[in-house]
1. Within region 56-70, can you find the residues that are assigned to a strand (DSSP E or B) and open to solvent by 80 Å² or more (accessible area, probe 1.4 Å)?
2. Of everything in region 76-95, what is more than 17 Å from Phe126 (Cα to Cα) and touching a Ser or Thr at 6+ places or on another chain (Cβ under 9 Å)? Give them in sequence order.
3. Out of the helices (runs of 4 or more DSSP H) lying entirely within region 71-186, which hold 2 or more residues that are within 18 Å of Lys56 (Cβ to Cβ)?
4. Only one residue in Ile158, Ile121, Ile128 is of a type in the set (A, V, I, L, M, F, W, C) and in contact with an Asp or Glu (Cβ under 8 Å, 6 or more places away or on another chain), so which one is that?
5. Of all residues in region 125-151, how many are among the charged types (D, E, K, R), buried (at least 16 other Cβ atoms within 10 Å of the Cβ) and in contact (Cβ under 8 Å) with a residue 24 or more places away in the chain?
6. Suppose we filter region 85-118 for residues that are of a type in the set (Phe, Trp, Tyr), open to solvent by 20 Å² or more (accessible area, probe 1.4 Å) and either at pLDDT below 95 or in contact with a strand residue (DSSP E or B) (Cβ under 7 Å, 6 or more places away or on another chain) (or both); how many remain?
7. May I ask you to verify whether Ser22 is polar (S, T, N, Q), in a helix (DSSP H, G or I) and either modelled with pLDDT of 50 or more or more than 30 Å from Pro181 (Cα to Cα) (or both)?
8. Quick check, is Asp110 touching a Lys or Arg at 6+ places or on another chain (Cβ under 7 Å) and under 19 Å from Tyr146 (Cα atoms)?
Amino acid sequence: MVKKILLLAIATVMIMSVGCVSKGKEEVTEKVGTESKVKGEEFNIEYAYWYNPDSKNIFSTYDNYIQKDLISAGKAKEEWNISYGDLKRIEELIRKYEVYKIDKNINALDFSKDDNNYITIPMEEFYIKFTIDGNEYLLEGNWTIYDIKTENEEAKEICEFLDTLKGIMRGQDVFINMPQPEGGYE
């Protein structure tokens, strides 16, 4: 009899606990709204590359804009909404090359088997921030990775990924219709 009362008491406490957790979740959902929960699980990307860190080329689906480096003419910024098809292509590209598994900077020094450092002048640097499957990733690197693509299979695949990503981004109508850069980097 005492066992039954004890089991009944434990069951009651467990049911009450579940009720509290559910109620707490409902309260949080009411305060935050469902949009932020859904937004966090959507695929988004921000890709930037530059020679001059003050004048980056930026493609952001997080904030819906493209910024273009116009070199000596400054920079231009336009609102941008990527097409669903292009966004899916980029997501598939990230999954195909499994770039979310890269755990080091993308450059010749970190990928070279002989620890050689390569210098390219001017040096193009980049970052890629993306959210996939509810997780956010940040990759940083520079174009010295291209110096070792013939000797390193992993570097070759990263270069294929970077070329395809850059092609999709630079092919956006908003980017194409922005003013052309003036001058060049030496």
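1. none
2. Going through region 76-95, the residues more than 17 Å from Phe126 (Cα to Cα) turn out to be 76-89, 91-93, 95.
Result: Trp80, Asn81, Ile82, Leu87, Arg89, Leu93.
3. Of the helices (runs of 4 or more DSSP H) lying wholly inside region 71-186, those with at least 2 residues that are within 18 Å of Lys56 (Cβ to Cβ) span 153-170, 173-176.
4. Working: Ile158 fails: in contact with an Asp or Glu (Cβ under 8 Å, 6 or more places away or on another chain); Ile121 fails: in contact with an Asp or Glu (Cβ under 8 Å, 6 or more places away or on another chain).
After ruling out the rest, the residue left standing is Ile128.
5. Result for region 125-151: 3.
6. 2
7. Spelling it out, Ser22 is indeed polar (S, T, N, Q), in a helix (DSSP H, G or I) and either modelled with pLDDT of 50 or more or more than 30 Å from Pro181 (Cα to Cα) (or both).
8. Working: touching a Lys or Arg at 6+ places or on another chain (Cβ under 7 Å): yes; under 19 Å from Tyr146 (Cα atoms): yes.
Spelling it out, Asp110 is indeed touching a Lys or Arg at 6+ places or on another chain (Cβ under 7 Å) and under 19 Å from Tyr146 (Cα atoms).
The values are calculated or read from the model by the stated rules, or taken from the named source; none is laboratory data. Please read all numbers here as calculations on a predicted model, not as lab measurements. Cβ: placed from backbone, ideal geometry, glycine included. Neighbour counts: every protein chain shown. Just the protein is used for accessible areas: all its heavy atoms, side chains included, with ligands, DNA and RNA removed. Shrake-Rupley method; radii C 1.70, N 1.55, O 1.52, S 1.80 Å.
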